[in-house]
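Below is one structure, written out as structure tokens, with a few remarks after it.
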Amino acid sequence: MYIIVDDRESVTNSYVGGLVREGVSSIGFSSGEFWDWLQSASESDLAAVDAFLLGDCDARGSLPRAMRKRSAAPIIAMSGQKMLKNTLELFESGVDDVVHVPIHLREILARTAAIARRRVGELPRPCETRIQVFFNGRDPEIAGHALTLPRRELRILEYMVSNHGKWITKTQIFNAVYGIFESTFDESVIESHVSKLRKKLRDRLGFDAIVARRYVGYRLNIPANETIDEPMQEFDEVGILLNRAHAAPAAYPAGN
């Protein structure tokens, strides 16, 4: 889940809408609302945050350090001023990265993934030698061939790759996919998503990559020495892949 902090409601609404279209849950706060939420949020709620996007607000200079005290999630400042002094001040405030708007949201997703990789080291996880996940909306690849997934199944796979080898609960997956403020859907919807994703991975890999255990949750488990044969079926969806790959990029407003 991405949290956007900006005192301009039109800007937060634009980014939230754009992230939802990319299949990423998000919510926008004004700086005052965010302060209140940050102080009272539970550890499980904070653990569901993928990144904080910090826009234009009065408390921008002090918010990053307050965020870092409660969460290790990447903090990305979005600036409408391409001035060295402003950029340096943002980094000094404690943000992990500074981007200048307008910017495509897939670039923000890619930057978030890059920050996370630097923190855990550059060595690939065992599963990343078998399944290539890009964390920017692009289809994952198995044995060099794209695997087209609905956006929520893709988000689940990304979350599982990030937590490879760990048991993750249905609640954790739900929060990552739908967000901690979602009330329209029930957590049970995750069982259907994981079941479909599990079958698709099994068809491609030749073994069950997702282990399920009642009352415990799910775990992505791909042995480092596991090999993958060539895909078992031809792709009828090549046209779909090409259309998605060449979709025109959308620009998101600076909010001015």
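Laid out as a table, the results:
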quantity	calculated
Mean separation of Cα contacts under 8 Å (6+ apart) over length of the stretch 2-120, as relative contact order %	24 percent
Within straight-line cross-link reach of K196, lysines at Cα separation under 23 Å, skipping those fewer than 8 residues along the same chain	K166, K170
Probe 1.4 Å, accessible area per residue of the stretch 1-135, Å²	47 Å²
Probe 1.4 Å - accessible area at S25, Å² to nearest ten	10 Å²
Accessible-area order (highest first, 1.4 angstrom probe) of the listed residues R214, R70, R155, R202	R214, R202, R70, R155
Solution diffusion estimate, µm²/s, Stokes-Einstein, the stretch 131-220, Kirkwood Rh from C-alpha pairs, 4 °C, viscosity 1.567 mPa s	97 µm²/s
Most to least accessible of D208, D50, D6, D186 (protein chains only, probe 1.4 Å)	D186, D208, D50, D6
Three-way shape call for the stretch 2-120 based on the alpha-carbon gyration tensor, with the a/c threshold at 1.5	rounded
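The values are calculated or read from the model by the stated rules, or taken from the named source; none is laboratory data. Note that the structure is a prediction, hence the values are computed from the model and not measured. Ligands, DNA and RNA are stripped out before the accessible areas are found, and what is left, the full protein with its side chains, is counted by its heavy atoms. Shrake-Rupley method; radii C 1.70, N 1.55, O 1.52, S 1.80 Å.
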